[in-house]
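The next block holds one structure in the form of structure tokens; read it before the comments.
Only the coordinates and a few stated rules stand behind these numbers; no lab work does. A quick note: this is a predicted structure, and the numbers were derived from the prediction, not measured. Using ideal geometry, Cβ is built from the backbone for each residue, glycine included, and neighbour counts are taken over all protein chains shown.
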Amino acid sequence: MTLQDQEILKKQSGLQLANKIKYLGIWIAAKNNRLLELNYMRKWKEIKKDLEEWKNLKISLLGRIATVKMSVLPKMLYLFRNIPIIRNNQLFNNWYKDIRKFIWNNKKPRIKLSTMLTPKERGGLDLPDLKLYHEACALDWIRDWVNLKKVKILSLEGYNLRRGWHGYLWHDKHKIERNFGNHFVRSALLRIWIKYKRFFHEKTPLWLSPLEANQRRELGWSSWPTYKEVLNWSNTKEGQPEIKKLEEIQINYKNVSWFHYYQLKESFNVDKKVGFNSSNEFWDITLQRNKKVITILYNKLVEWATEKEVTKESMLKWSRDLNRPILINEWEELWNKKIKYCRATDLKENWIKTIHRWYLTPKKIATMYKNTDNKCWRCREQVGSYIHMWWSCKKVKKFWSTINLECRKILKINLECKPDHYLLGLYNIYEKENKVEAKNKENLDKIYT
């Protein structure tokens, strides 16, 4: 509606015309390009104000991460699910800066962001990744384009499309017909789909419907035959399926004529050159689920995003300090089992900080500031490295010797005084010299409760 028409309507009705309206928590304006400003920018201003107020509160590191999970993530997740329209990574980077300021209280971070975003099961702190949550919500939206079950919604979303949804998703028809990407919401979703498409399928997926991909507008059916329904995998040659006969397809799809059948065969001959996915993969399984879809998608995206973080820098440093290789299964047992023994939040947080080498040592401070002594604060004799400050210092060794003696009395086991046991909670029960430890594994675990 033009400004002139708005003035006429205003005079005739005597009503004030609003520039925007709020519907189910989402601000809607006449132009879609204002959705980002009205919703995401406005909501983050509120969140940023809350983070500034909470920043100086005496909250632990784990408590601050939990605050982000409980107070920030639900608000953003509602917007992600309803309007997944973010296309600029700079917005996410700005949000990460604000979150880091809150978590570290305007101080320099001591743990890498990638490590903090890694799940706890893999040695991270499980800080929510807003970008991956946005992408998970977008992929959940794309599930409707793949399943083709919500006919009315798909008709509204694709009112101006010449082809079917599968044509744009798999056959890359968006490169030919630019109107698909000109839509404010569709363009953002398409970018995310293109990013993860190669992870989901290497060959032609069985959910693909060739007739829907090319003739959705002309035929207007409510249900479409997919490759999973029209291909016959029995008596296949060299692992390649064959297309069923027309009579078999017409049992479930009576509106498929001989002409449509030949179109199916033509598409089949093209797609079989790439090959077909014969087994259900992650995306195929996700398409069949109705509950916890976003959680499943998010966990998989985090796994892909942090797969290079399997061996962390702190793990390598601990291996050098202890002068022995620490196996990945030892770390996994520590992250997934032993860390749960400790009920006290303060002790658990201290354990996590020790694992990630959070604490500043004289050696590290000396590298940060010139003319600073790197000697140990206690003995004043040796360089204050991480392992020295926590274990090798002669004054600290007396403390650990006392602790070890008391543990041996209480647990009635012959436990060696090693940094593996008391600093990290690691002990290799498969070593020959640790036969006694293997028999008393339950008693050993009691040290960490």
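Using the Cβ-Cβ distance between TRP104 and LYS20 with R0 set to 41 Å, the FRET efficiency from 1/(1 + (r/R0)^6) comes to roughly 0.65. With the convex hull of the Cα atoms taken as the outline of segment 113-202, the averaged projected area works out to 7.3 nm².
May I ask for the equivalent-ellipsoid semi-axes of segment 313-448, computed as the square root of five times each C-alpha gyration tensor eigenvalue and listed largest first in whole Å?
Details: eigenvalues 155, 59, 41 Å².
So the equivalent ellipsoid measures 28, 17, 14 Å along its semi-axes.
Listed values for segment 80-90 are Karplus-derived 3J(HN,Hα) couplings in whole Hz (6.51 cos²θ - 1.76 cosθ + 1.60, θ = phi - 60°), namely 4, 6, 9, 9, x, 10, 6, 10, 10, 5, 4, and x replaces Gly and Pro. Taking the C-alpha atoms only, the angle from helix 345-355 to the longest principal axis of the chain is near 90 degrees.
Give LYS55/LYS107; LYS173/LYS291; LYS348/LYS446 a once-over and call out the pairs whose C-alpha atoms are over 20 Å from each other. Pairs exceeding the cut-off: LYS173/LYS291. Taking amide H atoms as placed 1.01 Å from N in the peptide plane, the amide H of PHE276 lies under 5 Å from those of THR204, each 5 or more residues away in sequence or on another chain. Put in line by how crowded their Cβ is, counting other Cβ atoms within 10 Å and starting with the fewest, ILE352, ILE28 read ILE28, ILE352. Here, segment 243-374 yields an orientationally averaged convex hull projection of 16.5 nm² when only Cα atoms define the hull.
The GluC sites (Glu not before Pro) of segment 125-228 that meet both conditions, a loop assignment by DSSP and at most 13 other Cβ atoms within 10 Å of the site Cβ, are GLU202. Extent of segment 193-277 along its three principal axes (Cα atoms, max minus min coordinate, largest first): 35, 33, 19 Å.
Radius of gyration (Cα atoms) of segment 146-287, expressed as a multiple of 2.2 N^0.38 Å: 1.06. Packing, taken as the mean count of other beta carbons within 10 Å per residue, orders the peptides 411-421, 121-131 from highest to lowest as 121-131, 411-421.
Separation of the alpha carbons by more than 31 angstrom is noted, of LYS58/LYS308; LYS149/LYS272; LYS48/LYS149; LYS175/LYS272, for LYS58/LYS308; LYS48/LYS149.
For segment 1-144, what class follows from the C-alpha gyration tensor (a ≥ b ≥ c being the square roots of its eigenvalues): rounded when a/c is under 1.5, otherwise prolate if a/b is larger than b/c, else oblate?
Working: a/c = 3.19, a/b = 2.09, b/c = 1.53.
Since a/c reaches 1.5 and a/b is larger than b/c, the shape of segment 1-144 is classed as prolate.
What's the local net charge at ASP346, with K and R +1, D and E -1, over the other residues with C-beta under 15 Å away? Charge balance near ASP346 sits at +4. When the convex hull of its Cα atoms is viewed from all sides, the chain shows a mean projected area of 33.4 nm². Count Lys and Arg as plus one, Asp and Glu as minus one, and take only other residues whose Cβ is under 15 Å from that of GLY167; the net charge is then +2. Neighbour counting of Cβ atoms within 10 Å sorts the residues SER314, SER13, SER114, SER267, fewest neighbours leading, into SER13, SER114, SER314, SER267.
With contacts defined as alpha carbon pairs under 8 Å and 6 or more residues apart, what's the relative contact order of the chain in percent?
Values: 401 pairs, mean separation 52.0, N = 449.
Relative contact order for the chain comes out at 12 percent.
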